[in-house]
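What follows is a set of notes on a single structure, which appears directly below.
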C-alpha cells in the first residue's frame, strides 16, 4: 500500500516535515486570510502553515474538518512544487492517449480485421490500444465510415451519353406544345394481410405490426408522370405484358389533349419494344419514345413517385384482397392529383457525367460509366 507523503518510523507513520522561510510563511498567511483568495487555495495554505508548525496529517485534518488523504496530498505537492503546487489542480483521470492517426487511417482504408469484412470501433480500439470513442472521433474527423457501403451498377450501354443528354434535355428544356411523360410499371405489388391485428399508435408506444403476413395476390401499376405539373395517369392491371402496355398507351392517348405531342420516357423492358407496340406507335405519330440507358432507372422520374407510393401507402398497408389493394392505389393516385407537385430536375447532363467520371460515388470507372441506385442519385439530381 502506498501512502501519500508519509515516512515509516517503526509502526508510526510520520508525515514529511515542511520548513518555511519568513517570506514563504508571510505569503501563505496572506493567502489564508485574504478575502480575494479562493476558498480552496486558502484552505491549502492553512494546511501548509499547520504542517510547518509540526502537526501531523491526522491532527490537521481534525482541526480543519477535512480528510487526512486531502491533507497529505497538498502537503506533498507543496514539498514538490512550492506555492505553484497548491495553486492549481492537477488534471483528473488518466492522461490522454496519443493516437497514431496516420496508422489508424491506413488500417481502416487498406486492411481488414481477422475474420471480418470491415473495421468496427471496438476492433480498431483493441488494435491500437485506445478507446472506441477515440477511434470514432478520428474516423469522423477524416470522413471515414467503414460500416457504410454504397451500391452501384455499371451501365454498359454504348449510347449512355447520348441517351442521358436526350432525357435530361427533356427535363430541363421541354419542347413547346408537348407533354413529357415518365412511364413505367410497378410490377408484382402484393396484397398483404397481417396474421394478427396490430396496435395503433399512442403516446409512449409505437404502432405495432406483425412480421408475418398472408398473401392475397398481386397487381401491376402502370403510371405516367407529367414532368411539367406532376400529375399522374395510373392504371392497375393483372399482368405486365405488351398487351397491358398497349392498353395503358391507349389510356394515355385518351386522357391527354389531342393537339399535344407526347414524349414518353421509358426503360428498356421488352414489352415497350414489342412489334405490336411498334406497329401501334407508327399509327399514332404524336407519340415519341425515349428510352433510358440500360441499368439507369434512376433517370426516370416516375421512380420517385413509386417510392412515395410505397412508403406512404403500401408498406404499412393491410390488404385482404387484390381489389382492395387496387382501390387503395387508385385512391392514392387520385389524391396525389388533387395537389400535384412536380419534381424539378436540377443537374445538367454535363454535371452528372462529371460526377460519375470523377468517381463521385466512390468507385473507379475506367472507360465505363456508372450509376447510383435509384433513390440516392435521383434525390441528388432533383429538388
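The values are calculated or read from the model by the stated rules, or taken from the named source; none is laboratory data. All values reported here derive from a predicted model rather than from experimental measurement. With ideal geometry, Cβ positions are generated from the backbone for all residues, glycine too; neighbour counts draw on all protein chains shown.
Look at residue 159 and say whether it is more than 30 Å from residue 257 (Cα to Cα) and assigned by TED's automatic domain parsing to the domain that holds residue 351. Taking the combined requirement at face value, the residue satisfies it. Restricting the stretch 60-75 to residues that are out of contact with any helix residue (DSSP H, G or I) (no Cβ under 8 Å at 6 or more places or on another chain) and outside any loop (DSSP other than H, G, I, E, B), the residue that is nearest to residue 20 (Cα to Cα) is 73. Number of residues in the stretch 299-312 that are more than 14 Å from residue 341 (Cα to Cα) and either surrounded by fewer than 16 Cβ atoms within 10 Å (Cβ to Cβ) or not assigned by TED's automatic domain parsing to the domain that holds residue 340 (or both): the value is 4.
Conditions tested, residue by residue: (1) farther than 30 Å from residue 194 by Cα; (2) touching a strand residue (DSSP E or B) at 6+ places or on another chain (Cβ under 8 Å); (3) part of a strand (DSSP E or B).
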| position | (1), (2), (3) |
| --- | --- |
| 211 | no, no, no |
| 214 | no, yes, yes |
| 236 | no, yes, yes |
| 251 | yes, yes, no |
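Taking the criterion of being under 12 Å from residue 147 (Cβ atoms) and part of a loop (DSSP other than H, G, I, E, B), the residues of the stretch 116-136 that qualify are 116, 117, 118, 119, 120. Within the set 192, 179, the sole residue that is in the same structural domain as residue 300 (by TED's automatic domain parsing), within 30 Å of residue 291 (Cα to Cα), in contact (Cβ under 8 Å) with a residue 60 or more places away in the chain and surrounded by 11 or more Cβ atoms within 10 Å (Cβ to Cβ) turns out to be 179.
What is the residue count in the stretch 77-115 for residues that are assigned to a helix (DSSP H, G or I) and modelled with pLDDT of 90 or more? Reasoning before the result, please.
As a first pass, look at the stretch 77-115 and keep what is assigned to a helix (DSSP H, G or I): 77-81, 83-87, 101-110.
Okay, now just the ones that are also modelled with pLDDT of 90 or more, so 101-110.
Residues that pass the stated criteria total 10.
Taking the criterion of being on the phi > 0 side of the Ramachandran plot, surrounded by 17 or more Cβ atoms within 10 Å (Cβ to Cβ) and outside any strand (DSSP E or B), would at least one residue in the stretch 218-230 satisfy it? Within the stretch 218-230, one or more residues are on the phi > 0 side of the Ramachandran plot, surrounded by 17 or more Cβ atoms within 10 Å (Cβ to Cβ) and outside any strand (DSSP E or B).
With farther than 16 Å from residue 106 by Cβ, out of contact with any strand residue (DSSP E or B) (no Cβ under 9 Å at 6 or more places or on another chain) and not in a helix (DSSP H, G or I) as the only criterion, which of 148, 154 stands out?
On the way: 154 fails: out of contact with any strand residue (DSSP E or B) (no Cβ under 9 Å at 6 or more places or on another chain).
After applying the criteria, what remains is 148.
Total residues in the stretch 265-322 satisfying the condition of being within 20 Å of residue 169 (Cβ to Cβ) and part of a loop (DSSP other than H, G, I, E, B): the figure is 9.
For the stretch 114-133, which positions are in contact (Cβ under 8 Å) with a residue 24 or more places away in the chain and either in contact with a helix residue (DSSP H, G or I) (Cβ under 7 Å, 6 or more places away or on another chain) or loosely packed, with under 12 Cβ neighbours inside 10 Å (or both)?
119, 128, 129, 131, listed by residue number.
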